[in-house]
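The following block contains the structure, expressed as structure tokens.
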Amino acid sequence: MRDRLAALGAFGLFLLRILGAIRMTRPQLRDTVRQIHVIGARSVPIIAVGGAFVGLVMTLQGYRTLVTFGAGNALGTMLSLTVFRELGPVLTAILFCGRAGSAMAAELGLMRATDQITSLSMMAIDPVAKVVVPRFLAAVISVPLLTAVFICFSIVAGWIQAEFLLGVDPGYFWASLQSSVDLRQDYGQAFVKASVFGVFCALIATHVGYHARPTPEGTSIATTQSVVYGSLMVLFLDFLLSATLY
Amino acid sequence: MAGSKTEWSVGAFILMGFACALVLAFASTNSGERLGGDSYRVTARFTNAGDLKARAPVKIAGVKVGEIESITLDPNFDALVTLRLSQAAGELPADTGAAIFTSGLLGERYIGLSPGGDPEPLKDGDEILLTQPAVVLEQLIGKFLFNADSARAGDASEAAPAR
């Protein structure tokens, strides 16, 4: 129990340390841009494809269920609300944990195992400012943007499926979609969720990577932990936010 | 220019993210439905607001002309509904009536206005006096059952003296 508490404390202190190490100097910003390329821009294909398939399957399953009640026209409502409120932010964050969080943790773990982090501190360079902050900032910036991409792709894929394969009237589809998604309630909170998830995914991945045991096994454990803890944290926070925000 | 490709892809990514967010905001939310232009407020009292919600539409002849701003309880325990009407819909007569309708059998509640013939227009802060409360399905069924019962009782009492 005390160990768990200490782990939570270390987690919080690491966040403060990251926030304290944000310098906004040119080299740090340049590193951040490079990290956005690695973990953000390169995640677009998986997020887009993931989003498109989620949209397709939600539309298909939703249509089958709704049509039994003669409510096939409410398809747009169902698709948009599920994607905006839950699936968009959550699946983006989980995919991000798997695609980028694991890479971040492995990279930092390997840096730790090969003493690169120790060498940085020996040269009086703050390793948190040099290697952790750019990754953290890049993830915090990328996750909300990736969420937007995910939601966009799933709605467009759902619309294509609904109009061209299921034969739902596109007017009804878009009208029900637009009238049910509230700009502040649903759209705004999708991005509130995405931002929170981004911070926690990044924090968990960098924390377990940075504090990995300096062995090959330690690196592998850190990689696993970043995905497991990251995904669980996203699901837990999602419940918390859904319970308090709506 | 070693970093130029990275920078290009980051720029494209950020642009794409914001473009998606913007497209979603305009194409898939109710942002466009917010009342543009000038508007004025009128109130209406209903004995029962049903499950009318704030921001529900106000319609005339099925065309949206405003939305509901707030629903509160007044001292007489009536529902006091504040309506925000668009100036663009033109002037409404002062004897306009308001009724709570349901779109579809189980759809959303909305307020339908039926313009009267008064030459005086409805002004900001006025109250709509002719109102018709929401139909509560349970009450309707209750009334129907009661009527059916009393009709049968009436039949019986009419039949009795004849014997």
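Please treat every number below as a calculation from the coordinates, not as lab data. Because the structure is predicted, anything quoted here is derived from the model rather than measured. Every residue, glycine among them, receives a Cβ derived from its backbone with ideal geometry; neighbour counts consider all protein chains shown.
Kirkwood Rh and Cα-based Rg: tell me the resulting Rg over Rh for the protein assembly as shown, rounded to two decimals.
Looking at the protein assembly as shown, the ratio lands at 1.15.
Report Rg(Cα)/(2.2 N^0.38 Å) for segment B:37-142, keeping two decimals.
Relative to the 2.2 N^0.38 Å estimate, segment B:37-142 comes out at 1.03.
Kindly point out, ordered by number, any Cys in chain A whose beta-carbon has no other cysteine beta-carbon under 4.7 Å away.
Cys with no partner Cβ under 4.7 Å: A:C97, A:C201.
Next question, about the same structure. Please compute the average number of Cβ atoms from other chains found within 10 Å of each residue's Cβ in peptide B:5-15.
What the average comes to for B:5-15 is 6.
Each label point is 7 Å from the Cα along the Cα-to-Cβ direction; what then is the distance between the points at A:L16 and A:R2, in nm?
The two pseudo-label positions are separated by 2.1 nm.
Using θ = phi - 60° and the Karplus relation 6.51 cos²θ - 1.76 cosθ + 1.60, list the HN-Hα couplings for segment B:52-60 in order, rounded to whole Hz, with x at every Gly or Pro.
With the stated coefficients, segment B:52-60 comes to 5, 10, 4, 6, 6, x, 10, 10, 10 Hz.
Can you give the average number of partner chain beta-carbon atoms within 10 Å of each beta-carbon in peptide A:182-190, as a whole number?
Mean inter-chain Cβ contacts per residue within 10 Å come to 4.
With all distinct Cα pairs included, what does the Kirkwood hydrodynamic radius of segment A:14-71 come out to in Å, to one decimal, could you say?
Answer for segment A:14-71: a Kirkwood hydrodynamic radius of 15.1 Å.
Roughly what angle does helix B:137-162 make with the longest principal axis of chain B, taking Cα atoms, 0 to 90 degrees, to the nearest 10?
Taking Cα atoms only, the helix is inclined about 10 degrees.
Averaging sequence separations of C-alpha pairs under 8 Å and six or more residues apart, then dividing by the length of chain A, give the relative contact order as a whole percent.
Worked out over chain A, it gives 34 percent.
Return the sequence-ordered ³J(HN,Hα) values of segment A:141-146 in whole Hz as given by the Karplus equation 6.51 cos²θ - 1.76 cosθ + 1.60 applied to θ = phi - 60°, using x for Gly and Pro.
Going residue by residue, I get 6, 6, 4, x, 5, 5 Hz, with x marking Gly and Pro.
To test your reading of the geometry: what angle, between 0 and 90 degrees and rounded to tens, separates the Cα axis of helix B:4-27 from the longest principal axis of chain B?
Relative to chain B, helix B:4-27 is tipped by roughly 20 degrees.
For A:A124 paired with A:F236, estimate the spin-label separation in nm (one decimal), with each label point 7 Å from Cα along the Cα-to-Cβ line.
Simple spin-label model gives 4.1 nm for this pair.
Given R₀ = 51 Å, what would the calculated FRET efficiency be for A:S220 paired with A:V67, taking r from the Cβ atoms and rounding to 0.05?
After rounding, the FRET efficiency stands at 0.60.
So how do B:12-24, A:37-49 stack up, highest first, on mean other-Cβ count within 10 Å?
Top of the packing list down: A:37-49, B:12-24.
Okay, which of segment A:59-85 sit inside 20 Å, backbone N to the point 7 Å along the Cα-Cβ direction of B:L137?
Residues passing the 20 Å test: A:66-75, A:78.
Assuming a viscosity of 1.306 mPa s and a temperature of 10 °C, what translational diffusion coefficient in µm² per second does Stokes-Einstein assign to segment A:28-238, Rh being the Kirkwood radius over Cα pairs?
The Stokes-Einstein estimate is 88 µm²/s.
With θ set to phi - 60° and the Karplus curve 6.51 cos²θ - 1.76 cosθ + 1.60, what are the ³J(HN,Hα) couplings of segment A:171-178 in order, to the nearest whole Hz, using x for Gly and Pro?
In residue order, the calculated couplings are x, 4, 4, 6, 5, 5, 5, 6 Hz.
Quick check: the angle from helix A:102-113's long axis to the longest principal axis of chain A, C-alpha only, nearest 10 degrees?
In chain A, helix A:102-113 runs at an angle near 10 degrees to the longest axis.
Same structure again: Applying a 10 Å radius around every beta-carbon, put A:70-81, A:25-36, A:156-167, A:102-113 in order of their mean neighbour count, most first.
With the highest mean Cβ count within 10 Å placed first, the list reads A:102-113, A:70-81, A:156-167, A:25-36.
Can you list residues whose amide H is under 5 Å from B:L122's amide H, if they're 5+ apart or on another chain and H is modeled 1.01 Å from N?
Excluding prolines and chain starts, which carry no amide H, the hits are B:L92, B:A94.
What does the average come to when, for each residue of peptide A:34-41, you count the partner chain Cβ atoms lying within 10 Å of its Cβ?
5
Provide the packing ranking of A:141-151, A:176-186, i.e. peptides ordered by the mean count of other C-beta atoms within 10 Å per residue, highest first.
A:141-151, A:176-186
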